[in-house]
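See below for the structure under consideration.
Readers should treat all values here as calculations from the given coordinates under stated rules, not as data from a laboratory. What you see is a predicted model; the values in this text were computed from it and never measured. Here the Cβ positions follow ideal geometry from the backbone for every residue, glycine too, while neighbour counts run over all protein chains shown.
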Ligand code: WQD
């Protein structure tokens with residue numbers, strides 16, 4: 001009997017790529033998503049990739065009654081991967097209450113259902129944003145968390161605290177939090193990828209939309225940082241590599257019996273790449289020159305961060321494999337596909 005995995009936010013960017021990898025690993029996947037930042041068409045695109053149509057329910061996790069009904073009818077969910085959350089840093093500054101309500105209450109409602117229906121294992125989507133601007137690089141899991149620069153980042157810190165406290169109070173609940181660095185790229189099939197609503201806040205979708213002619217020019221937010229070329233440094237991780245880390249985390253939890261725990265892992269490549277280096281890599285990978293200008297720094301941006309991935313490599317046996325160029329090419333292929341560019 002295939003083990004049943006609930007993926008909340010499963011029609012989203014990272015969620016959809018993780019559903020594909022879970023199905024490939026032989027799991028039976030159910031998606032719940034409120035479609036506030038994704039489309040139900042993704043369910044069909046996942047089926048086109050794997051040949052298996054995941055069960056899908058349009059559901060807002062803030063509705064505790066609906067979520068409880070879903071769990072009651074679902075007859076035994078073995079484990080949960082929780083992606084469903086608002087994730088736009090800038091928007092979170094303008095709408096902090098919406099972010100606190102959505103990101104925190106969804107997790108509380110989820111945990112109440114998991115406890116009631118004896119679904120003991122959770123993989124949580126966390127973020128390197130919990131480290132703020134680290135004093136030392138690369139960051140390990142022992143690097144102290146810092147006050148977040150945005151309400152979005154703070155919801156990730158508070159969610160980790162909710163998980164820690166609930167896991168302590170509830171002996172059978174076991175959780176792994178994956179602290180993502182910067183997820184980029186798309187599935188090699190170009191059937192699923194990142195589809196931001198409106199003007200992209202993140203770098204790579206803005207780059208591909210500029211290359212596709214949807215945007216006039218990319219603004220590079222500052223080149224006066226204390227980095228080799230003056231632009232900010234990040235750890236850009238391929239979304240399929242990231243998805244595979246979730247499958248490994250789920251398999252780790254399902255193998256364990258009754259030992260309450262809360263583990264967390266950095267999920268990055270371990271390589272720091274600057275904005276200008278990424279633009280060069282994009283041009284090398286795709287042949288597309290990106291029109292850009294240097295502008296002032298963006299408020300809230302940290303200067304540089306990249307991961308020490310030793311713990312995930314050793315404990316999970318997981319390592320990122322895609323190169324930056326391969327990943328940027330996958331992002332460009334996805335952009336060309338959705339814009340119907342030859
Ligand atoms: C990357 C670099 C910008 C856009 C955030 C969240 C993180 C995760 C990913 C959700 C920075 C520069 C960007 C542009 C630019 N969110 N940039 N021009 O801010 O590192 O991380 O998104 O999962 O939790 O904190 O990502 O892609 O916005 O920026 O120069 O038009 O690109 O200054 O240096 P960020 P980003």
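Computed over the chain, relative contact order equals 19 percent, with contacts defined as Cα pairs under 8 Å that lie 6+ residues apart.
Remark: relative contact order (the stretch 1-60) = 36 percent; criterion is Cα-Cα distance under 8 angstrom and separation of 6 or more residues.
Treat the count of other C-beta atoms within 10 Å as a stand-in for reagent exposure and order 57, 17, 187 from fewest to most.
57, 187, 17
Exposure proxy ranking for 34, 69, 235, based on other Cβ atoms within 10 angstrom of each Cβ and starting from the fewest, stands as 69, 34, 235.
If I build a Gaussian network model for the chain, linking alpha-carbon pairs within less than 10 angstrom, which residue out of 70, 306, 262 has the largest mean-square fluctuation? Residue with maximal mean-square fluctuation among 70, 306, 262: 70.
What is the calculated FRET efficiency for residue 256 to residue 136, with r their C-beta to C-beta distance and R₀ = 41 Å, to the nearest 0.05?
Plugging the Cβ-Cβ distance into 1/(1 + (r/R0)^6) gives 0.80.
Classify the chain from the C-alpha gyration tensor, please: rounded if a/c falls under 1.5, else prolate or oblate depending on whether a/b exceeds b/c. Prolate is the answer for the chain, as a/c is 1.5 or above and a/b outweighs b/c. Note on the chain: GNM, Cα springs under 10 Å; of 142, 60, 202, the largest mean-square fluctuation is that of 142.
I need to check one value: relative contact order of the stretch 256-342, counting alpha carbon pairs closer than 8 Å and at least 6 residues apart, in percent. Normalised by residue count, the contact order of the stretch 256-342 is 41 percent. Between residue 47 and residue 214, the FRET efficiency from the beta-carbon distance, with R0 = 25 Å, is close to 0.35.
In this simple spin-label model, placing a label point 7 Å from the Cα along the Cα-to-Cβ direction at both residue 25 and residue 64 gives a separation of 3.1 nm. Simple spin-label estimate for residue 72 and residue 170 gives 1.8 nm between the two label positions (7 Å along the Cα-to-Cβ direction from each Cα). What is the angle, in °, between the Cα long axis of helix 106-116 and the longest principal axis of the Cα atoms in the chain? Nearest 10 is fine, range 0 to 90. The answer is roughly 30 degrees.
Between the helical axis of 64-73 and the dominant principal axis of the chain, each derived from Cα atoms, what acute angle in degrees is found, rounded to the nearest 10? Once rounded, the angle reads 60 degrees. Net length available on complete extension from residue 161 to residue 39 is 40.8 nm, with 0.36 nm assigned per residue and the Cα-Cα distance removed.
When both the stretch 276-336 and the stretch 174-250 are represented by their alpha-carbon centers, they are found 6 Å apart. Per residue of the chain, the DSSP helices (runs of n ≥ 4 H) give a summed -39500 (n - 2.57) that works out to -11500 deg cm²/dmol at 222 nm.
Compared with the dominant Cα axis of the chain, that is its longest principal axis, helix 151-169 is turned about 30°. Each label point was placed 7 Å from the Cα along the Cα-to-Cβ direction; for residue 108 and residue 55 their separation is 2.8 nm. Working value for the stretch 182-304: equivalent-ellipsoid semi-axes of 32, 19, 13 Å, each the square root of 5 times a Cα gyration tensor eigenvalue, largest first.
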